[in-house]
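One structure below.
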2 protein chains.
Amino acid sequence: MAAYKTPLADIQFLLNDLLDYSGHYSTLPGAEEVNAETINMILEESAKFSENVIHPLSRPADEEGCHFENGEVTLPKGLKEARELYIENGWAAMVAPTEWGGQGIPNSLGTISSEAIAATNPPFAVMTSLPTGVATTIETHASQEQKETYLPKLIDGCWGATMCLTEPQAGTDLGLLKTTATRQEDGTYKIAGSKCFISFGEHDATENIIHLVLARCPDAPEATAGISLFIVPKLLLNTDGSNGNRNAVSCGSIEHKMGLHASPTCVMNFDDATGFLIGDENNGLEYMFTLMNDARIASGISAIGFASASFQGAVAYAHERLQMRSLSGAKNPEGPADPIIVHPGVRQLLLTQKAFIEGCRAFTHDALKLADISKYATDEKERREAYSRLGYLTPILKGFITEVSNECVNAGLQAYGAHGYVRENGMEQLVRDCRVTTMFEGTTQIQSLDLLGRKTVMNQGKSNKCYIAQVQAFCDTNCDTESLKEFISPLADKLTQWQDLTQKNMTATMTDLDEMGAASVDYLMYSGYVVLAYYWAQMAKVANEKLKSGDGNSAFYQAKLQTARFYYQRLLPRTNALAVTMTSGAANLMDMDADSFVISRL
Amino acid sequence: MAAYKTPLADIQFLLNDLLDYSGHYSTLPGAEEVNAETINMILEESAKFSENVIHPLSRPADEEGCHFENGEVTLPKGLKEARELYIENGWAAMVAPTEWGGQGIPNSLGTISSEAIAATNPPFAVMTSLPTGVATTIETHASQEQKETYLPKLIDGCWGATMCLTEPQAGTDLGLLKTTATRQEDGTYKIAGSKCFISFGEHDATENIIHLVLARCPDAPEATAGISLFIVPKLLLNTDGSNGNRNAVSCGSIEHKMGLHASPTCVMNFDDATGFLIGDENNGLEYMFTLMNDARIASGISAIGFASASFQGAVAYAHERLQMRSLSGAKNPEGPADPIIVHPGVRQLLLTQKAFIEGCRAFTHDALKLADISKYATDEKERREAYSRLGYLTPILKGFITEVSNECVNAGLQAYGAHGYVRENGMEQLVRDCRVTTMFEGTTQIQSLDLLGRKTVMNQGKSNKCYIAQVQAFCDTNCDTESLKEFISPLADKLTQWQDLTQKNMTATMTDLDEMGAASVDYLMYSGYVVLAYYWAQMAKVANEKLKSGDGNSAFYQAKLQTARFYYQRLLPRTNALAVTMTSGAANLMDMDADSFVISRL
């Protein structure tokens, strides 16, 4: 398996040079004490843990997979112990509020530092992020008593946690869910039904597991308006808070999956299990979206992690693998052949990875500042505005980043040639592990409807206008800088085109809603390319300044500038195609009779 | 696992309506008796065998994998027996010459009928195609005595066969291979060295295995000019032709791979094994390319097979899976939700598959006519011309088709949502099995250098001009047909652009060979999109005529026309991006210092 080094240089470049995270934290309520030193310490320690503890477990765990017997799930060797070390080191409690035993580190820094965890051991990242997400949901929406009951042990890492949304007939369409919740005289509910695709629904790493379950009360309104959210612990708690009797929730089976073999994906059966309502009945979906929005951003970071691990493997291999001579003359004349990094075709694969990874990382880290503000800001207007801006960017972030990350892990495998197809080299595992990212937490198709439908058409394009104004302001400020012309000028052109395309799509939607669905995926990808162009222009600007001032590692800033150029010349032009295809109309998709897709006999 | 039906309607449309295969065979020396009835019979029987015999084995064989113990390889359950039935049914001998016990069916028809085999059981397709390829190489280049010794039992399916090219240090760069061949007094050679990535190098399905091995004689010229080709049987033959003693060739290990689990990929060790020279010393690579050219076309057909299986699975699922309502009003009001085939985003995935699959199938079936002519035509000029035209198209075919097939199998998985990630549904196996196709038989990067370097720059663009003239003639003939304008007009534009881009790339290459490598992958993909546009225009023309005449299944022809429209409006515009990126110059790839790709510390 290829070695992995946490890309600390790039992360520090973003946090310090580009996004001024120290400044951000200094004005963020509750985070004022998180200075550059703390940030670096957390990043360095997370890097060490990822590289030394969980990375070596990843390949063997993929081969071993999870074991299921008599309703019990056993994780592959080493994961439980690594988790214990993770807790000992204080990672579990890092982003939780201090009042509940956490360390009060902002969520952004937790997510940023989790990239290395996802890159080195994706199932471990899933396992450890779940309790954090569930704790946040409880902290935001549950009663004081519930908080007191569940938060301390979720935060100190004692308990595992899940989110139970999907049912066999209800995936994207949660309105179809059938699990019922029947009110009992004591105020609890009996939960009955079956959930599927429940990550870490059952396992042997923690004694208790706290399930957050969506279910429907008997007299609830139809569809999504009638869904409530419940806490269903695996073990009911005794009055002193200790683990008590087994609740009527059990694991029926685990899925055999393409990847993420060390992450048990469970069918969970609730047979009149005791559940505790969070908040009010019928508000469950809204509560769950607290967790879902964070999860969508985190899934971007995970995907970047997979892509980054693949990139590093591919670059190392391209240095060491000797095949053919450079067409422009031998570069390694004393060797039997040149390292394949001399070949333009190989460089094209590697730079595609580098440009996407670093661009997406910048995008995500900036979005995480908005997430912080939308959570912690005391000024209500500022908080709301950040929430709305983040809401607009989230489907682009989740959809675009997971799509291009899949391209990246495949490019890394391709750089290895047939050796990439061999499991021992680890490149194919990244392809398998990454593949689910464009489907979970809402498919790319769903993200695109969220972006063009809810977040654009339904708010009259306001969010899009607001974002374009922000990028336009950047262009206006920098359009006279000669060294940035190669970026600012095409970026400004794309902004104009984006505006125009948005208007066209909004108009087309007015006559036929299918026009929206027919444009949306290409529109989402187009938007992603423009957003990344914005970040590459910003990074090029900083790199230029650093190179002029002679400050810092010039090779790093030179590479930034070159990667920006690659992005603008080799990847951004894909928008030329998307601009055409997204406006080609719904007819080329909708005209075909459903029965004519496959006609096997003439 | 999704059901699979061989796409006979589409194949028959191509062979009868579009490409007049009966006419082709009626003038092809040796194939005159292959009429429409024979063609249909072979396709129908191959369909039955694929659907009923080998398809049910595919998923279990993927799960079971191959077993390696003490140098012996055991195939997963059922493959050996299926192979015996395949031989009994006469498939093994189908395309072999009648003089050696074959049925004299043209290679084209064998390849066309193999799509269903690849679609339903890829490892089975690998296993059964190898002896055919090896027999062709022996028949073309070996001595009469060698033919008599090896052909009958390769052709009747008694023996297995391999091609042993790759070594750990010599993949793409065969000039680096080290396996030695030492001449013995009796005219045989002692072969010593280690080969890797040898498909079916060892297995329990046949008693003997005939290896074709590339090796270097001690006094041979350096690099590729000094490579010879040898027959190395696993069991040496007794004077009566029966299997005798074990030769000094053995399997050292098998690879653990991403997919194709039922196809053993072997390290083969030759410890002074007895080998028999084919033809002359140092001509080995040329002989091997007989097989390699066929293999590249066959890999296109296999990739189409994977994509087609994925497409059928996805369409079936899109009909049966109920989620959400159509945005333009409920289409299944009596059900709990609409089938997802009503959603434009899902249709976009399915139509991307359909347009690529059917376009690539037409391209390949037409190329197979050239392959027939280049092999069987008695007129030397006609033969040579077909060989040259096919040689030009082969890298486009192999490179483009395997790339877009990978897109297709991923689109099929995406249409399933998270259910596609579950192994039982079979969609992810197609992704894993297909993934190797862009690497084996020469990576896409290598195909692109072959296309732009050897086949374009080095022949002054003659082959490209010749092909463009052919497509231009089609445009000229049809440009006045009103109903075809939506296809002919953009096709003619693309031809002009292709010509221009070819010239630009040739000019750029003159100053710097790296410009060629920097343009080549995008140029190959661009070329593929234009070639497919040519076939979609041809298919639209036939479909239009059929619809006008009221002849045949109008739903089929209507769908053809709609898919052509989808291709032109949704896929061909990708050339807009490729035209820009391929002319963006080598600097954006080559400027970066090799050590700057990864800088982990600032």
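Computed quantities for the displayed model
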quantity	calculated
Of all DSSP beta bridges in chain A, antiparallel share, percent nearest 5	85
Cross-link partners of A:K354 among lysines (Cα-Cα below 16 Å; sequence separation of 8 or more within a chain)	A:K5, A:K560
Long-range HN-HN contacts of B:N247 with modeled amide H, under 5 Å	B:L235, B:L236
Partners for A:K190 among lysines (Cα-Cα distance below 17 Å; same-chain residues under 8 apart left out)	A:K178, A:K234
Positive-end extreme of charge dipole, the protein assembly as shown - chosen from B:M427, B:N553, A:P123 (charges on Cβ)	B:N553
Stretchable slack from B:M41 to B:E545, in nm (0.36 nm times residue separation minus alpha-carbon distance)	178.8 nm
Threshold 10 Å², the range A:171-195 residues less accessible with all protein chains present than alone (1.4 Å probe)	A:G171, A:T172, A:D173, A:L176
Rounded tilt (10° steps) of A:344-376 against the dominant C-alpha axis of chain A	50
Between 0 and 90°, nearest 10: helix B:144-155 axis offset from chain B longest Cα axis	50
Positive dipole terminus of the range B:97-180, leading residue within B:S108, B:G175, B:T149 (C-beta point charges)	B:G175
Restricting the range A:193-228 to GluC sites (Glu not before Pro) in coil, as DSSP defines it, with at most 15 other Cβ within 10 Å	A:E207, A:E222
Averaged over B:254-264, number of beta-carbon atoms from partner chains that fall within 10 Å	3
Rel. contact order, % - alpha carbon contacts under 8 angstrom, at least six apart, chain B	12
Model label zone, A:Q497; criterion: amide N under 11 Å from point 7 Å along Cα-to-beta-carbon; scope the range B:487-508	none
Accessible-area ranking of A:R384, A:R574, A:R183, B:R83, largest first, probe 1.4 Å	A:R384, A:R183, A:R574, B:R83
The range B:430-520: C-alpha gyration tensor shape, a/c 1.5 cut-off, then a/b vs b/c	oblate
Per DSSP, loop GluC sites (Glu not before Pro) in the range B:1-73 with at most 14 further Cβ within 10 Å	B:E32, B:E33
The range B:353-367-the range B:269-294 distance, computed between alpha-carbon centres (Å)	33
Residue mean of other protein chain beta carbons inside 10 Å, B:319-328	5
Spatially proximal aspartates and glutamates relative to B:K369 (Cα-Cα < 13 Å; intrachain offsets below 8 disregarded)	B:D20, B:D294, B:E382, B:E385
List B:R454, B:R423, ordered by accessible area with a 1.4 Å probe, largest first	B:R454, B:R423
Formal net charge of residues neighbouring A:V422 (Cβ-Cβ distance under 9 Å; K, R +1; D, E -1)	-1
Cα-centre dipole for the protein assembly as shown with unit charges at Cβ (Lys and Arg positive, Asp and Glu negative), debye to 20	1840
Peptide-level mean, for A:579-588, of C-beta atoms on other protein chains within 10 Å	5
Residues of the range B:110-148 with amide N under 20 Å of a point placed 7 Å along Cα→Cβ from B:N89	B:110-133
Efficiency of FRET from Cβ geometry, B:D271 and B:E145, R₀ 25 Å, rounded to 0.05	0.45
Nearest-20 debye value, chain B charge dipole, Cβ charges on Lys, Arg, Asp, Glu	1640
Of all accessible heavy-atom area on chain A, the percent that carbon and sulfur account for (1.4 Å)	51
Lys pairs under 28 Å by Cα in the range A:396-539, provided they are eight or more residues apart or on distinct chains	15
Using θ = phi - 60° and Karplus 6.51 cos²θ - 1.76 cosθ + 1.60, couplings along the range B:591-601 (whole Hz; Gly, Pro as x)	5, 5, 4, 4, 7, 8, 4, 10, 10, 8, 10
Å² per residue, accessible surface of the protein assembly as shown at 1.4 Å	35
Loop chymotrypsin sites (Phe, Trp or Tyr not before Pro), the range B:1-48, which have at most 12 other Cβ atoms in a 10 Å radius of their Cβ (DSSP)	none
Interface B:A - total buried accessible surface [probe 1.4 Å, Å², rounded to 100]	9500
Lys/Arg +1, Asp/Glu -1 at C-beta; the range B:452-602 dipole; positive extreme among B:M582, B:S520, B:A492	B:A492
For the range B:105-136 and the range A:198-267, distance of Cα centres in Å	49
Cα long-axis angle, helix B:380-415 against chain B (0 to 90 degrees, to the nearest 10)	70
Sum of -39500 (n - 2.57) over DSSP H runs of 4+, divided by residues of chain A (222 nm, nearest 500)	-17500 deg cm²/dmol
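The values are calculated or read from the model by the stated rules, or taken from the named source; none is laboratory data. Every value quoted in this text rests on a predicted model; they were computed, and no experiment measured them. Don't worry about glycine lacking a Cβ; one is built from the backbone with ideal geometry, like all the others, and counts go over all protein chains shown. Just the protein is used for accessible areas: all its heavy atoms, side chains included, with ligands, DNA and RNA removed. Shrake-Rupley method; radii C 1.70, N 1.55, O 1.52, S 1.80 Å.
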